[in-house]
Amino acid sequence: MDEMYSREYEALVKYFENSGGDPRALRSSEYASMVINHNRVLHVSEVDGIQMRFERMENGVEVWITVNENVVVKNPVHLCFGMLPRSGRQIIRSHINVGDGSRVKFLSHCIFPKAVDIEHVMDSDVTIGMGASMEYEEVHIHGKSGRIRVVPKAIVNVGPGGYYSSTFVVKTGRAGNVDIDYSLFLSDNSSASLFSKIYGRYNDKIRVKESMYLKGRKSRGIIKTRMVLRDRSSSEVIGEVVGIGDDSRGHVDCMEVILDDATARASPIVYARNPKAKVTHEAAIGSVDKKQLLTLMSRGLSEEESIDVIVGGLLR
Amino acid sequence: MLSLRDFTVIRGGSKIVRDVNLDFEEGKIQIILGSNGSGKSTLAQGIMGIFPTDGHIFMDGEDISSLKVDERARRGITLAFQEPARFEGITVKDYLLISSREKKLGEVEDALRMVGLPRTMLFQEMDDSLSGGERKRIELASVLLMKPRFAILDEPDSGIDIISFKRIASAIKEMRNRGTGVILITHAEEMISLGDVASILCNGRVVVTGKPADVRRLFTKTPCPIREVR
Ligand SMILES: Nc1ncnc2c1ncn2[C@@H]1O[C@H](COP(=O)(O)OP(=O)(O)OP(=O)(O)O)[C@@H](O)[C@H]1O
Ligand SMILES: [Mg+2]
């Protein structure tokens, strides 16, 4: 049993490293970390001020992560969730609580290298305390083929003066079927940013629905999406900011490049429920910029290489 | 040698540049003068292969009319646009490394210095945070790094302050000294005087070719000297 755990652990660490992760972070006691394969927690490391609890479920793991009050977590908390088998379903139900006045950064890697038929559901609720700050970055590493369905859902409450930012990235391997659904609720003087960068290919289907409710006075929020779609992939992006509090400010910024037979639909929704709120949006969908393309080609890159450079910049 | 013979450039269905016959030599600067809308940028982009053309363009005697933009670039022709593109998420360093022959940072730093930009700019993104003048100079640095046989520079000096202007002028001279044939579109007197030969473009046609000083004098008097239209 132990041997199987350590084999899986080593395998995940290897993929994590190959995708640019620093394996020392998973081995060092200076870093809080958690490594999960399917419904097995392979490794947990806590640092001062952070508690991690978990409970095994049939198809996944329920996780509680608590950051005490007034703690500045020096190193990013590393989460590594994966499915090494070719098929199956994984549900990660997480409850993250960041105490008043604390600061923490999460770096989450989701690894599905051999996916043939995999579903990964991430169901989170996050509470950010007064004046606390949490940054969350989720990078997906998918294999080059196979069916994969990724369903990240999150409800985030940001306390007064708090800050939350999330970056969601899928650009290596096949995105597959992605269905993001995030809702954020912002209190007085709090701010938040949601940023997703996704590269869709083949018949990938990507749906991103993000809502920010600017409930508090002087709350601030931005939803930013950068997507590149090729082949027959398609996307639907719904970015919604609702201005409720006095002097709340929200912005939706969506830019998508479509190539080949890809299709994209974007609906920025700006909704003000208070004349003192201000909510704005910009959305642009189109092919690769002609001048950028011609500039790179006039330096000797082929059309395909030029597109890679442009798209790489957009998703950086 | 790059030669245009009865070279015509078509844009939006109409012949914007007509029947141009010019020879560009390596290690020489050819100045192109012309008033607004005379077709200078169209000619520049026609040579690069961006617009459809009629007539011929010969490189070392071979007609390269059917070659695409990137194929021409790999033969050693490049163009710096009048309005350089912006790139989101690409740093000046990464951008310049693309055209750098040796893919070495030292080479990129030298090029940046030659156009008078600080090293700190390497890590800046090629987006709206750069001014138009800065983007033009980065474009010139990119062309320098390519060590092209022929460089078409579309008004590299417009919208540039006096000090940077001098840097640009010396960078262009350096480019010529290294053996690049420069096709330089400009309005500036100091730039024209760098030229080995100059031509005036008027309503899409080359109407005069001669010594830069003479051509400039003629151009100041009559920017578009009328000639019979065929
Ligand atoms: N898409 C187009 N279709 C048809 N004609 C065009 C198109 N774009 C530009 N033109 C015309 O081509 C002519 C030449 O334009 P061009 O930009 O080459 O001039 P230029 O000499 O570079 O001018 P400037 O000094 O302003 O840079 C102009 O008269 C312009 O109206
Ligand atoms: Mg022009």
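The values are calculated or read from the model by the stated rules, or taken from the named source; none is laboratory data. Quantities reported herein were computed from a predicted structural model and do not represent experimental measurements. Here the Cβ positions follow ideal geometry from the backbone for every residue, glycine too, while neighbour counts run over all protein chains shown. Surface accessibility is based on the protein's heavy atoms, side chains included, excluding ligands, DNA and RNA. Shrake-Rupley method; radii C 1.70, N 1.55, O 1.52, S 1.80 Å.
Sort out which residues of the stretch B:172-202 are basic (Lys, Arg) and surrounded by 13 or more Cβ atoms within 10 Å (Cβ to Cβ), and write them in order of number.
Across the stretch B:172-202, the qualifying residues are B:173, B:176.
Can you spot a residue in the stretch A:301-314 that is within 30 Å of residue B:148 (Cβ to Cβ) and polar (S, T, N, Q)?
Yes, that holds for at least one residue.
Kindly list the number of the only condition in (1) within 14 Å of chain B (Cβ to nearest Cβ); (2) open to solvent by 40 Å² or more (accessible area, probe 1.4 Å); (3) not hydrophobic (A, V, I, L, M, F, W, C) that fails for residue A:298.
(2)
Is it the case that some residue within the stretch B:38-47 is within 14 Å of another protein chain (Cβ to nearest Cβ), out of contact with any Pro (no Cβ under 9 Å at 6 or more places or on another chain), among the β-branched types (Val, Ile, Thr) and open to solvent by 10 Å² or more (accessible area, probe 1.4 Å)?
no
For residues in the stretch B:9-19 being touching a residue at least 40 places away in the same chain (Cβ under 8 Å) and within 7 Å of ligand 1 (Cβ to nearest atom), which is most open to solvent (accessible area, probe 1.4 Å)?
Checked the stretch B:9-19; the qualifying residue most open to solvent (accessible area, probe 1.4 Å) is B:11.
Among what's in the stretch B:141-165 and is assigned to a helix (DSSP H, G or I) and more than 11 Å from residue B:99 (Cα to Cα), pick the residue that is farthest from ligand 1 (Cβ to nearest atom).
B:163
Sort through B:33, B:4 and tell me the only one that's more than 17 Å from residue A:294 (Cα to Cα), under 14 Å from the mean Cα position of the chain (by Cα) and open to solvent by less than 60 Å² (accessible area, probe 1.4 Å).
Being more than 17 Å from residue A:294 (Cα to Cα), under 14 Å from the mean Cα position of the chain (by Cα) and open to solvent by less than 60 Å² (accessible area, probe 1.4 Å) holds for just one of B:33, B:4, which is B:33.
For the stretch A:62-101, how many residues are assigned to a loop (DSSP other than H, G, I, E, B), under 20 Å from residue A:137 (Cβ atoms) and in contact with a Gly (Cβ under 8 Å, 6 or more places away or on another chain)?
So the answer is 2.
Kindly evaluate residue B:88 against the criterion of being open to solvent by 10 Å² or more (accessible area, probe 1.4 Å), facing chain A (nearest Cβ under 8 Å) and in contact with a helix residue (DSSP H, G or I) (Cβ under 7 Å, 6 or more places away or on another chain).
Taking the combined requirement at face value, the residue satisfies it.
Here is a yes/no grid of residues against (1) surrounded by fewer than 13 Cβ atoms within 10 Å (Cβ to Cβ); (2) at pLDDT below 90; (3) aliphatic (A, V, I, L, M):
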site: A:8; (1), (2), (3): no, no, no
site: A:13; (1), (2), (3): no, no, yes
site: A:18; (1), (2), (3): no, yes, no
site: A:22; (1), (2), (3): no, yes, no
site: A:45; (1), (2), (3): no, no, no
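With B:4, B:67, B:22, B:33 as the choices, which residue is within 12 Å of ligand 1 (Cβ to nearest atom), modelled with pLDDT of 95 or more and more than 10 Å from chain A (Cβ to nearest Cβ)?
So the residue among B:4, B:67, B:22, B:33 that is within 12 Å of ligand 1 (Cβ to nearest atom), modelled with pLDDT of 95 or more and more than 10 Å from chain A (Cβ to nearest Cβ) is B:33.
The rows are residues; the columns are (1) among the polar types (S, T, N, Q); (2) touching a residue at least 24 places away in the same chain (Cβ under 8 Å); (3) surrounded by 20 or more Cβ atoms within 10 Å (Cβ to Cβ); (4) within 11 Å of chain B (Cβ to nearest Cβ).
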| position | (1), (2), (3), (4) |
| --- | --- |
| A:248 | yes, yes, yes, no |
| A:267 | yes, yes, no, no |
| A:273 | no, yes, no, no |
| A:276 | no, yes, no, no |
| A:281 | no, yes, no, no |
| A:287 | yes, yes, no, no |
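Looking only at the stretch B:98-123, count every residue that is surrounded by fewer than 18 Cβ atoms within 10 Å (Cβ to Cβ) and either in contact with a Phe, Trp or Tyr (Cβ under 7 Å, 6 or more places away or on another chain) or within 12 Å of chain A (Cβ to nearest Cβ) (or both) and tell me the total.
1
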